[in-house]
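Here is the structure we will look at, set down as structure tokens.
Read-outs: derived from the displayed coordinates by stated rules, not from any lab. None of the values given here were measured: they were computed from a predicted structure. Cβ placement follows ideal geometry from the backbone for every residue including glycine, while neighbour counts extend to all protein chains displayed.
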Amino acid sequence: MSIQENLAQIKTTLPEEVTLVAVSKTKPVSDLQLAYDAGQRVFGENKIQEMTQKWEALPKDIKWHMIGHVQRNKVKYMAHYVHLVHGVDSLKLLLEIDKQAKRHQRVISCLLQVHIAEEDTKFGFDEEELMKLTQDATLQQLANIRITGLMGMATFTEDKEQIRREFKTLKSLFERLKTALPQLDTLSMGMSGDYDIAVEEGSTMVRIGSSIFGARNYNT
Ligand SMILES: *Cc1c(COP(=O)(O)O)cnc(C)c1O
């Protein structure tokens, strides 16, 4: 199936209020253009340099989401255009995003990445760290960032019940955190292999790559 057909197919299965981030990492600009022509305006990349090259090449009404692990020294390369940073995993990184956003007189929306996978290879805060961070007075002083939600990745496994359990954990954390931070409105969870479960468990934003653009080839 073509990129346009894949997009159309996925959209029929997504509730209207769930935002689809088309994860285009490693894919050529021509593939993104096809998705754009089919109406897609939200793209996710996991490398700042690659995202910036694509931002330069493509129409400026695209909303660029940084979904990967962010190195602090590279924030400055995306601060003038990035729409949402999904993978925030430290206060130090928030401070840097705030500083760079200020230079461009912008407010950058950020999601805090939560470690929900039972496997321990993924980045992110655990529940205790998250509660500590959201009560940190430093955070209130950062005028150029806005924390709008949480992001998480389930374990890479065939075990659907485990995946569901992990998404449930994230959703309940999200709901609890919302009592302290009522501005939270985004729960980014779900990828090609598990977004159906994520949506059932309350995701508001799914990040889908290979089901739209096909398998990635990291050797080219
Ligand atoms: C690559 C990636 C995705 C998309 O993965 P697919 O399985 O291709 O849909 C989603 N989220 C993050 C953080 C990623 O790095």
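Give, as a single signed number, the net charge of other residues whose beta carbon lies under 11 Å from the beta carbon of HIS86, with Lys and Arg counted +1 and Asp and Glu -1.
Residues near HIS86 contribute -1 overall.
Output needed: percent of Cα pairs per 10 Å distance bin for the chain, bins running from 0 to the one holding the longest distance.
Final binned percentages: 8, 34, 38, 18, 2, 0.
Of LEU95, ASN46, VAL85, which is farthest along the charge dipole of the chain in the positive direction, counting Lys and Arg as +1 and Asp and Glu as -1 at C-beta?
Of the listed residues, the answer is LEU95.
Under a 10 Å cutoff between Cα atoms, tell me which one of PHE156, PHE167, PHE125 has the largest fluctuation in the Gaussian network model of the chain.
PHE156
For ASP196 and GLN135, what is the calculated FRET efficiency with R₀ set at 35 Å and r taken between the beta-carbons, to the nearest 0.05? Numbers along the way, then the final one.
Numbers: r = 35 Å, r/R0 = 0.99.
Result of the calculation: an efficiency of 0.50.
As an exercise, use a Förster radius of 30 Å and the Cβ-Cβ distance of ASN73 and GLU161 to find the FRET efficiency, rounded to the nearest 0.05. Working shown, then result.
Values: r = 40 Å, r/R0 = 1.35.
After rounding to 0.05, the efficiency reads 0.15.
What pairs in LYS63/LYS99; LYS92/LYS132; LYS60/LYS171 have C-alpha atoms more than 25 Å from each other? All intermediate terms of the calculation are to be shown ahead of the outcome.
Numbers: LYS63/LYS99 21 Å; LYS92/LYS132 14 Å; LYS60/LYS171 33 Å.
Those over the limit are LYS60/LYS171.
Can you give the Kirkwood hydrodynamic radius of segment 97-220 from its Cα pairs, in Å with one decimal? Could you put the intermediate results ahead of the total?
Values: mean 1/r = 0.0637 Å⁻¹.
Result for segment 97-220, one decimal place: 15.7 Å.
Farthest toward the dipole's positive end in the chain, which of ALA215, LEU20, LEU139, given Cβ charges of +1 (Lys, Arg) and -1 (Asp, Glu) about the Cα centre?
Of the options given, the answer is LEU139.
Quick check for me: using +1 on Lys/Arg Cβ and -1 on Asp/Glu Cβ, what's the dipole size of the chain about its Cα centre, in debye to the nearest 20?
1060 debye
Quick one: net charge of SER2's neighbours, Cβ under 12 Å, K/R +1, D/E -1?
Values: positive: none; negative: GLU5, ASP31, ASP37.
So the environment of SER2 carries a net charge of -3.
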